[in-house]
Amino acid sequence: MAYSEAFRRRMVARMCGPSPESACSLARETGVCQQSLSRWLRLAGTVSGMATPSDQERPRDHTSKRTAAEKRRLVTEADGLDAHELGEFLRRNGLHAADIQVWREILDAALEGPAESAQTKRQRREEAKKI
């Protein structure tokens, strides 16, 4: 079944909003298959994934020209807002909820530290060979 772009955006917004719903629970509620919802969410994280052709032609200056410090500040400010305040905040700053979500994931990954060391990877490979 083909879903409209507006419907897909609403579903992604519900999965990314201030109180995000899981794709599984949303699938049970709406009847849309969970794999589709997850794919829409994954595509929303890319620059052109959920964009219309006219959106793709326009540069996304509202996000690309921001410094890392600005992005961190915006994510921090957005974290303390309820749904109504978040909507006003996003409009005021020319952002989308997906922008904040992507930045939050990047910050979380950065705070987790470097990926596993080469020694840890080697140990995993050795264990896998034993198995």
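Annotations
- For the stretch 1-30, the tally of residues that are over 12 Å from the mean Cα position of the chain (by Cα) and assigned to a helix (DSSP H, G or I) stands at 15.
- Test: residue in the stretch 86-94 that is modelled with pLDDT of 85 or more, in a loop (DSSP other than H, G, I, E, B) and out of contact with any helix residue (DSSP H, G or I) (no Cβ under 6 Å at 6 or more places or on another chain): no
- Hits in the stretch 35-78 - residues which are modelled with pLDDT of 55 or more and among the β-branched types (Val, Ile, Thr): THR67, VAL75, THR76
- Residue count, the stretch 92-110 (criterion: surrounded by 12 or more Cβ atoms within 10 Å (Cβ to Cβ) and of a type in the set (Asp, Glu)): 2
- Subset of the stretch 80-89 (residues that are surrounded by fewer than 18 Cβ atoms within 10 Å (Cβ to Cβ) and in contact (Cβ under 8 Å) with a residue 12 or more places away in the chain): LEU81, ASP82, ALA83, PHE89
The values are calculated or read from the model by the stated rules, or taken from the named source; none is laboratory data. Small disclaimer: the values here were computed from a predicted structure and weren't measured. Reconstructed Cβ throughout: ideal geometry from the backbone, glycine too, with neighbour counts over all protein chains shown.
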